Amino acid sequence: MTDVVLATINARYSHCAFGLRYLRANLNQGRESAKILEFGLEEWPDRIVEAILAEDPKVVGLGVYIWNVELMGEVTSLLKGIRPELPLVLGGPEMIAVDDLPAWAHQADFVVSGEGELVFAGLCDDLLAGKIPEEKFRAGRVDDLSTLRLPYAEYTEEDIAQRTLYVESSRGCPYGCEFCLSSLDRKVRRFPMAQVLGALEDLWRRGARSFKFVDRSLHLAESEELLDFFLKRRDEPGLFVHFELVPEALDENMLDALSGFSLNSLQLEVGVQSFNPDVCARIGRKISADKVEQALLVLRDKTQAHIHADLVLGLPGETWESVKDSFDRLFALRPDEIQVGILKRLRGVAIARHDEAFGMVYRDRAPYDVLQTGELSFARMQRLKRFARGFERMVNSGNFHSSAARLLEGPSAFDAFMAFSDWLFERTLQDVGMSISRKTGMIFDYLTEVLGVDESEAAGGLAADFDRLGRKKGLPEKVRRWAGL
């Protein structure tokens, strides 16, 4: 018999459920018999419930996230309908605000918000001992992180070989960006560095080479020791480390360390979000645009890191022109990748305070994305969303490396790609929900019919893209013909 089943639905197989591994590592009673079950978004709720009940558990804990909240609602309803006496505990980011829970969450026996490791462990101790606590809602927080058992031994050999391994050295964020869940925890707490380095050493001995840090920024950790751990191993095949970085916090010591990483071994996620100072101030994001630009230029010129920079579209008071200005300003800095995100009103965050003053209208179901604002109509937000999806699939994907640059040429990269995005939708009534072969044909038509690119030149670039990707089939016949294949 399994005492505790911990289950969630991951966005994709390559992701590991970091939170569930923390919960299992910190259980007291029932830890050895506790089991983690991970599912994909393609799973039927009935099958998930069948797998959970097949373990004959005494307690079930479900991790609820923005990408699985609808499915988890069905799973919860099924579990409580079939086994109403089975204690069911919900946790995860969608349970962060007790006064703003999904309606279905009230079917559960208990809800844990925040950092649930120790609270959940205590709750399981009671339930496994036959005690039924009266308090349904419980807030979790771990002020002294040294009291936690780290979860890395919970990673399996399959995880290490095939999946993204999440690690952390700190929690909390000193910044107050109102759209972010991290703004709810302004106190930065650090794990003992000796404990972190020991865990990394164990993972390394087990064959781990890819590490994604979830710290809100590298400078919040004891970065010198952390970076030194990986720099000593920088020549090891397969090393890949991902950090988030607040660009204004970059200093010479950190830059020197970052410059020591080999090509393809380091990725830095740099949150820009907007270059509009009024918008940033409004949402509690203190930013110096000049410092951000300088940091990005220095990182680009003095390191070999892959620079992944973020923008958020649809912030309160953001106009079409300021969106354009932010994109063009960031594009001119030439990061390796620009993630164009759409604002979401996550549960519990302060961004909702601007709804009335700035005409903010959001979808009331996941992913809670903004539908229109006082400055951006629904029609314009739709265009921006198509732009974001198209940029991700056509540019960030790397599938059209030889051709994507032509789609961004001109005085404004934003205007250039928006023109392509609008044309694509007008031509197909789709944005990117099509095969790579059809996308290739559409790009060829746009380059030749709209931009006036020579057919042989356009076809040659697209054929080179296919060749680089190792694809033997799918190149449209008209492209093959003009490429002389």
Report task. For segment 4-27, enumerate the residues that are at pLDDT below 95 and surrounded by fewer than 22 Cβ atoms within 10 Å (Cβ to Cβ). Result -> ALA11, ARG12, TYR13, SER14, HIS15
Requested in this report: Please go through segment 159-186 and pick out each residue that is within 12 Å of ARG216 (Cα to Cα) and either among the acidic types (Asp, Glu) or over 22 Å from the mean Cα position of the chain (by Cα) (or both).
Outcome: GLU168, ASP185
Report task. With the condition kept exactly as written, say whether any residue in segment 253-268 is among the charged types (D, E, K, R), without any contact (Cβ under 8 Å) to a residue 60 or more places away in the chain and under 17 Å from PRO151 (Cβ atoms). Result -> no
Query raised in the report: In segment 362-373, which residues are out of contact with any helix residue (DSSP H, G or I) (no Cβ under 8 Å at 6 or more places or on another chain) and closer than 17 Å to VAL312 by Cβ?
Result: TYR362, ARG363, PRO367, TYR368
**Report entry** Identity of the residue in segment 35-81, surrounded by fewer than 23 Cβ atoms within 10 Å (Cβ to Cβ) and small (Gly, Ala, Ser), that ends up farthest from ILE9 (Cα to Cα)
**Finding:** GLY81
Query raised in the report: Is one or more of the residues making up segment 275-287 of a type in the set (A, V, I, L, M) and touching a Gly at 6+ places or on another chain (Cβ under 6 Å)?
Result: yes
Query raised in the report: For the subset of segment 153-164 comprising residues that are in contact with a Lys or Arg (Cβ under 8 Å, 6 or more places away or on another chain) and assigned to a helix (DSSP H, G or I), which member is surrounded by the most Cβ atoms within 10 Å (Cβ to Cβ)?
Result: GLU154
Query - Tally, over segment 217-230, of residues that are touching a strand residue (DSSP E or B) at 6+ places or on another chain (Cβ under 6 Å) and farther than 22 Å from GLU157 by Cα - result: 4
Requested in this report: Give segment 28-58 a look and list any residue that's at positive phi and modelled with pLDDT under 95, or say none.
Outcome: GLY30
Query raised in the report: Could you say whether any residue in segment 274-282 is under 30 Å from ASP202 (Cα atoms) and in contact with an Asp or Glu (Cβ under 7 Å, 6 or more places away or on another chain)?
Result: no
Query raised in the report: So LYS439 clears everything in (1) more than 19 Å from VAL340 (Cβ to Cβ); (2) out of contact with any Gly (no Cβ under 9 Å at 6 or more places or on another chain) except one condition, right? Which one?
Result: (1)
Requested in this report: Confirm whether LEU88 is assigned by TED's automatic domain parsing to the domain that holds ASN28, in contact with a strand residue (DSSP E or B) (Cβ under 7 Å, 6 or more places away or on another chain) and farther than 30 Å from HIS219 by Cα.
Outcome: yes
Query raised in the report: If we scan segment 164-183, do we find a residue that is more than 30 Å from GLU318 (Cα to Cα) and among the small types (Gly, Ala, Ser)?
Result: yes
Report task. Considering only segment 274-306, state which residues are among the small types (Gly, Ala, Ser), in contact with a Ser or Thr (Cβ under 9 Å, 6 or more places away or on another chain) and surrounded by fewer than 17 Cβ atoms within 10 Å (Cβ to Cβ). Result -> GLY284
Query - Of all residues in segment 179-212 being in contact with a Pro (Cβ under 9 Å, 6 or more places away or on another chain) and outside any helix (DSSP H, G or I), the one that is surrounded by the most Cβ atoms within 10 Å (Cβ to Cβ) - result: ARG209
Query raised in the report: Among the residues of segment 244-266 satisfying the criterion of being closer than 15 Å to LEU297 by Cβ and among the hydrophobic types (A, V, I, L, M, F, W, C), which is farthest from the chain's Cα centre (by Cα)?
Result: LEU255
Query raised in the report: With VAL59, VAL75 as the choices, which residue is outside the structural domain of LEU346 (by TED's automatic domain parsing), under 29 Å from GLU168 (Cα atoms) and not acidic (Asp, Glu)?
Result: VAL59
Requested in this report: Working only within segment 92-147, note down all residues that are under 29 Å from SER170 (Cβ atoms), assigned to a loop (DSSP other than H, G, I, E, B) and of a type in the set (D, E, K, R).
Outcome: ASP99, ASP100, GLU115, ARG141, ASP143, ASP144
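Conditions (1) within 17 Å of MET394 (Cα to Cα); (2) of a type in the set (Phe, Trp, Tyr); (3) not assigned by TED's automatic domain parsing to the domain that holds LEU330, marked per residue:
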| position | (1), (2), (3) |
| --- | --- |
| GLY410 | no, no, yes |
| ILE436 | yes, no, yes |
| THR440 | yes, no, yes |
| TYR446 | yes, yes, yes |
| VAL453 | no, no, yes |
| GLU457 | no, no, yes |
Report summary line: Scanning segment 439-459 for residues that are out of contact with any Phe, Trp or Tyr (no Cβ under 7 Å at 6 or more places or on another chain) and touching a residue at least 24 places away in the same chain (Cβ under 8 Å) gives LYS439, THR440, GLY441, PHE444, LEU447, LEU451, VAL453
Report summary line: Exactly one of ALA309, ALA249 is at pLDDT 95 or above and surrounded by 14 or more Cβ atoms within 10 Å (Cβ to Cβ), and that one is ALA309
Requested in this report: Tell me, please, whether a residue that is assigned to a strand (DSSP E or B), touching a Phe, Trp or Tyr at 6+ places or on another chain (Cβ under 6 Å) and over 15 Å from ASP143 (Cα atoms) can be found in segment 166-178.
Outcome: yes
Requested in this report: Working only within segment 1-43, note down all residues that are touching a helix residue (DSSP H, G or I) at 6+ places or on another chain (Cβ under 7 Å), not in a loop (DSSP other than H, G, I, E, B) and not basic (Lys, Arg).
Outcome: VAL4, VAL5, LEU6, ALA7, THR8, ILE9, TYR22, LEU23, ALA25, ILE36, LEU37, PHE39
Query raised in the report: Has segment 270-286 got at least one residue that is within 20 Å of LYS212 (Cβ to Cβ), assigned to a helix (DSSP H, G or I) and not polar (S, T, N, Q)?
Result: no
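The values are calculated or read from the model by the stated rules, or taken from the named source; none is laboratory data. All values derive from a computational prediction rather than experimental measurement. Cβ: placed from backbone, ideal geometry, glycine included. Neighbour counts: every protein chain shown.
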